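To keep things clear, I will list the structure first and then write my remarks on it.
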Amino acid sequence: MFLDTANYEEIEAALALGIFDGVTTNPTILLKEYRSRFDMMTLASQMGIPFLFVQVVGNRMEDMWEDYLLLLEQSDHMHGTSIGVKVPLHHEGIRFIKKVKQSDPQFPVLGTAIYTAEQAIIGSLAGCHYLSPYVNRMASNSLNPYVEIKRMRQFIDNQGLDVQILAASFHESQEVVQALEAGAHSATISYQMYQDLINNKLALLDIHTFNDHARQLPTGENV
Ligand code: G3P
């Protein structure tokens with residue numbers, strides 16, 4: 001599972017849990033912290049984030065390529081953190097992925113801004129290692145994210161492609177579970193979503209009661 005944030009405190013708290021493989025970012029997430037992608041890369045290295053996905057920007061393949069080279073240059077100053085690029089899956093994104101594949105076939109590429117199985121299928125054929133369908137954004141736009149995820153997973157499995165569906169964009173914890181049930185291999189979630197997933201209200205009440213009862217137990221001196 002990945003953590004979808006650029007917030008220092010959230011990353012620090014989440015990394016300590018040992019359940020996250022790394023961090024995913026995009027320009028919107030970074031803007032919330034008012035942190036540049038390059039500063040985020042430095043921070044990731046300082047914090048010991050094992051893996052960081054940074055989104056490449058630009059409208060045309062040529063702009064994205066120039067941007068990618070700058071990201072690579074910055075990554076030379078990183079220690080202990082591997083990076084991958086997030087690439088929006090449209091025509092120019094596919095052209096860019098082709099160029100990355102020619103220069104470094106193993107460089108991790110995550111296809112992002114996915115709303116349909118069609119986009120994901122093209123992305124997997126282009127050689128993406130990860131695909132991120134935007135679950136909540138799909139649902140908000142009258143698309144069924146679970147049907148789309150099921151269709152993309154079926155294609156991946158039928159073709160035997162080496163690509164993982166890393167579902168993204170969640171507002172409800174049930175969306176995460178449903179995305180995984182539909183065939184997503186994993187998910188990238190906010191720290192708040194992690195808390196929503198783990199802090200079940202009924203379990204919290206039970207834990208409160210157990211601790212309350214534990215305080216009322218005899219001390220054990222009479223055993
Ligand atoms: O990783 C993509 C994700 O950050 C988009 O999430 O909540 O802005 O739809 P959201």
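Does Gln74 count as more than 18 Å from the chain's Cα centre (by Cα), under 16 Å from Asn7 (Cβ atoms) and at pLDDT 95 or above? Write out each step before concluding.
Numbers: more than 18 Å from the chain's Cα centre (by Cα): yes; under 16 Å from Asn7 (Cβ atoms): no; at pLDDT 95 or above: yes.
No, not satisfied.
Is it fair to say Glu148 is within 16 Å of the ligand (Cβ to nearest atom), among the charged types (D, E, K, R) and more than 17 Å from the chain's Cα centre (by Cα)?
The answer is yes for Glu148.
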Here the qualifying pairs (Cβ atoms under 6 Å; residues six or more apart or on different chains; first in the stretch 113-134 and over 17 Å from Ala179 (Cα atoms); second of a type in the set (D, E, K, R) and part of a helix (DSSP H, G or I)) come out as Gly127/Lys101
Margin query: Kindly evaluate Met41 against the criterion of being touching a residue at least 24 places away in the same chain (Cβ under 8 Å) and within 20 Å of the chain's Cα centre (by Cα).
Written below: yes
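Only one residue in Ala167, Ala187, Ala179 is under 21 Å from Ser132 (Cβ atoms), in a helix (DSSP H, G or I), within 13 Å of the ligand (Cβ to nearest atom) and touching a residue at least 12 places away in the same chain (Cβ under 8 Å), so which one is that? Before you say what the answer is, go through the steps one by one.
Details: Ala167 fails: in a helix (DSSP H, G or I); Ala187 fails: in a helix (DSSP H, G or I).
When all the criteria are applied, what remains is Ala179.
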Per the filter on the stretch 115-145, residues within 16 Å of the ligand (Cβ to nearest atom) and in contact with an Asp or Glu (Cβ under 8 Å, 6 or more places away or on another chain) are Tyr115, Thr116, Ala120, His129, Pro133, Val135, Asn136, Met138, Ala139, Pro145
Of the residues in the stretch 83-133 that are within 18 Å of the chain's Cα centre (by Cα) and among the aromatic types (Phe, Trp, Tyr), the one that is farthest from Asp67 (Cα to Cα) is Tyr115
Note: among Glu62, Glu92, just one is away from the ligand (no atom under 13 Å from the Cβ) and over 19 Å from Ser132 (Cβ atoms), namely Glu62
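Name every residue in the stretch 90-116 that is among the hydroxyl-bearing types (Ser, Thr, Tyr) and crowded, with 19+ Cβ neighbours inside 10 Å, in order of residue number. Steps first, please.
Keep residues of the stretch 90-116 that are among the hydroxyl-bearing types (Ser, Thr, Tyr), which gives 103, 112, 115-116.
Thr112, the sole residue that qualifies.
The values are calculated or read from the model by the stated rules, or taken from the named source; none is laboratory data. This one's a predicted model, so the numbers in the text were calculated from it and none came from an experiment. So basically every Cβ, Gly included, is an ideal-geometry build from the backbone, and we count neighbours across all protein chains shown.
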